[in-house]
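The values are calculated or read from the model by the stated rules, or taken from the named source; none is laboratory data. This is a predicted model, so every value here is computed, not measured. Cβ atoms come from the backbone with ideal geometry, glycine included; neighbour counts cover every protein chain shown.
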Amino acid sequence: MLQLDSIDVSYANGVRALRNVSLTVRPGLFGLLGPNGAGKSSLMRTIATLQRPDRGRIRFGDLDVLADPAALRATLGYLPQEFGLYPSLTAEEILDHFAVLKGLTEPAARRARVDAMLERVNLQDVRHRRVDGFSGGMRQRLGIAIALVASPRLLIVDEPTAGLDPAERHRLLDLLAGVAEEVVVLLSTHLVADVEAVCQRVAILLAGEVVREGTPAELVAPLRGGLWRARLSRDEAAAGRAHPAVISTRLAPGAVVLHATGPTPPTPAYAAIEPDLEDVFFAELARRRQASDAPVASRTPQNY
Ligand SMILES: Nc1ncnc2c1ncn2[C@@H]1O[C@H](COP(=O)(O)OP(=O)(O)O)[C@@H](O)[C@H]1O
Ligand SMILES: [Mg+2]
């Protein structure tokens, strides 16, 4: 179990990337959901001991991570958001190279481990291909094989699905869900659908703060019975979206779909609907927006 307690992270330019973040990450697949700039990568680098927080405590099992970062690294697999692969090498050569770096020096054992990992991430058929010909999904799967090669107990993967097509995304999420049966996996994403698909627990990070944490069902529960949808023409929507209860708008063919929260429908045009995790996310955004007076969020992927 990974436990974060009151973590603050700031940068030399004055940006406060994380504010008082406390989280408990249990075995299984844990999703860290947040828009660009929310602080996901800062949090993951901090847990991976690549940067030190200004304040707070991190424990992994009995280990005090900040007091003994080397011990954490020995049991960590970390796949950063951006990583380079030697373009002219094959998948097998790269994985073998990282296995040596991780201390797997006995050749037969290393070969067995490399074989097992290539199979695990389903790259065995392309193991002799140069990685500069790999698709984004193949690169990410090789990255996960590298992160897993030394049998970590904690795997941190930073936005692995970004830029993947739907088939590759699902394949990667399935892979991580399988890994999470044995290893604590912390996954960050800006896509609600990713966490909805596979994560047992979720934390929503907005502007450096954890605003919600729990199972997807727990997060959705408070909205049940208090979520409303209206389908309006574009003209009607221009006025309708200004209502303070509106949490999100989405373009549909020839119309605009608005979601609103509250004990009663904001206007007779609204009907009750079942909430999903996306509504939780937009409700939290709306709550913060009310303080800052920003416009209602459009439900396009770029916005989260
Ligand atoms: N090395 C850095 N120096 C200064 N500011 C940074 C640095 N890294 C991230 N930030 C800022 O910290 C905030 C959180 O960034 P980041 O952790 O990358 O968020 P996310 O991964 O959720 O997109 C952003 O405002 C970003 O601009
Ligand atoms: Mg990031």
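If you take the residues in segment 149-179 that are assigned to a loop (DSSP other than H, G, I, E, B) and of a type in the set (V, I, T), which one is farthest from ligand 1 (Cβ to nearest atom)?
First, the residues of segment 149-179 that are assigned to a loop (DSSP other than H, G, I, E, B): 149-153, 159-165.
Checking the rest, the ones that are also of a type in the set (V, I, T) come to 149, 161.
Values: V149: 25, T161: 14 Å.
Out of the qualifying residues, it is V149.
Can you tell me how many residues in segment 13-69 are within 16 Å of ligand 2 (Cβ to nearest atom), out of contact with any strand residue (DSSP E or B) (no Cβ under 6 Å at 6 or more places or on another chain) and either outside the structural domain of V210 (by TED's automatic domain parsing) or in a loop (DSSP other than H, G, I, E, B) (or both)?
Number satisfying all stated conditions: 6.
One line per residue, one yes/no per condition, for (1) modelled with pLDDT of 95 or more; (2) surrounded by fewer than 19 Cβ atoms within 10 Å (Cβ to Cβ); (3) more than 27 Å from S42 (Cα to Cα):
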residue	(1), (2), (3)
D194	no, no, no
R229	yes, yes, yes
D235	no, yes, yes
R241	no, yes, yes
I247	yes, no, yes
T264	yes, yes, yes
A286	no, no, no
A294	no, yes, no
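Can you find, within segment 160-176, the residue that is nearest to Y86 (Cα to Cα) among those that are within 16 Å of ligand 2 (Cβ to nearest atom) and surrounded by 23 or more Cβ atoms within 10 Å (Cβ to Cβ)?
P160
Which of the residues that make up segment 17-46 are within 12 Å of ligand 1 (Cβ to nearest atom) and of a type in the set (V, I, T)?
Those that are within 12 Å of ligand 1 (Cβ to nearest atom) and of a type in the set (V, I, T): V21, T46.
Considering each of L175, L187, L205 in turn, give the residue that is in the same structural domain as P35 (by TED's automatic domain parsing) and over 19 Å from S22 (Cα atoms). Talk me through it step by step, then tell me what you get.
On the way: L187 fails: over 19 Å from S22 (Cα atoms); L205 fails: over 19 Å from S22 (Cα atoms).
Answer to the selection: L175.
In the set P87, P69, which member is closer than 27 Å to R127 by Cα, more than 14 Å from ligand 1 (Cβ to nearest atom) and surrounded by fewer than 20 Cβ atoms within 10 Å (Cβ to Cβ)?
Exactly one of P87, P69 is closer than 27 Å to R127 by Cα, more than 14 Å from ligand 1 (Cβ to nearest atom) and surrounded by fewer than 20 Cβ atoms within 10 Å (Cβ to Cβ), namely P87.
Find the residue count for segment 17-57, including only residues that are surrounded by fewer than 21 Cβ atoms within 10 Å (Cβ to Cβ), within 17 Å of L186 (Cα to Cα) and basic (K, R).
Looking only at that region, the number is 2.
Output the qualifying pairs, or none if there are none: Cβ atoms under 7 angstrom, residues six or more apart or on different chains, first residue in segment 28-50 and at negative phi, second residue within 6 Å of ligand 1 (Cβ to nearest atom) and in a loop (DSSP other than H, G, I, E, B).
That search, which allows pairs on different chains as well, returns K40/G34.
When you go through V114, V121, V100 one by one, which is the residue that is within 25 Å of the chain's Cα centre (by Cα) and closer than 21 Å to L154 by Cα?
V121
Restricting to segment 188-208, what's the tally of residues that are in a helix (DSSP H, G or I) and in contact with a Leu (Cβ under 7 Å, 6 or more places away or on another chain)?
Counting residues in segment 188-208 that are in a helix (DSSP H, G or I) and in contact with a Leu (Cβ under 7 Å, 6 or more places away or on another chain) gives 6.
Taking segment 94-112 on its own, how many of its residues are under 26 Å from A162 (Cβ atoms) and buried (at least 16 other Cβ atoms within 10 Å of the Cβ)?
Residues flagged as under 26 Å from A162 (Cβ atoms) and buried (at least 16 other Cβ atoms within 10 Å of the Cβ) within segment 94-112 amount to 4.
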